[in-house]
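Accompanying notes for the structure given below.
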Amino acid sequence: MTTSERLSWQDPASIERMLDEGQTWAVVGLSDNPERTAWSIAKLLQDRGKQIVPIHPSAATVHGEQGYATLAEVPFPIDVVDVFRRSSAAGEFADQAVEIGAGGVWFQLGVVDPEAFERTIAAGVPMVMNTCPAIEWRKRGR
């Protein structure tokens, strides 16, 4: 990965917009397992005033929020689709985010799919990849 690729994947304006303006975050891979990173990041998002929407095949309720098996099942608009999946499986969720009209896509730290990034950006949907909201809020001193 080149420096320019990494920077475009972590566009400061996209990060700022998603963190500041994105109120409803669908968290793909969020289950009720507190040992998973998705669980703690979803709690952080919630503590920051964001509505979380668990997306997991089990459709479990997590942090008091109703879960859904798929993004397509969510009956209200999603501002950010936050993906906690292996890189090899993450791209399909970027495509689904575009299909449902999500306002942005966020691939967590270690999740990288350059082709999904290109497709998502080409569809006019901002995307951030290979970072975490917790890291970005720390960088901003918030």
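Things to note:
- Hits in the range 21-43 (condition: of a type in the set (A, V, I, L, M) and surrounded by fewer than 15 Cβ atoms within 10 Å (Cβ to Cβ)): none
- Filtering the range 27-63 to residues that are polar (S, T, N, Q) and under 16 Å from the mean Cα position of the chain (by Cα) leaves Ser31, Thr37, Ser40, Gln46, Gln51.
- Test for Ala90: is it free of Cβ contacts under 8 Å to residues at least 24 places away in the same chain and in contact with a Phe, Trp or Tyr (Cβ under 8 Å, 6 or more places away or on another chain): no
- Filter result for Ser14 (exposed (fewer than 15 other Cβ atoms within 10 Å of the Cβ), of a type in the set (Ser, Thr, Tyr) and either touching a helix residue (DSSP H, G or I) at 6+ places or on another chain (Cβ under 7 Å) or not in a loop (DSSP other than H, G, I, E, B) (or both)): no
No value in this document is a laboratory result; all are computed from the given coordinates. Just so it is clear, the structure is predicted and the values come from calculations on it, not from any experiment. Every residue, glycine among them, receives a Cβ derived from its backbone with ideal geometry; neighbour counts consider all protein chains shown.
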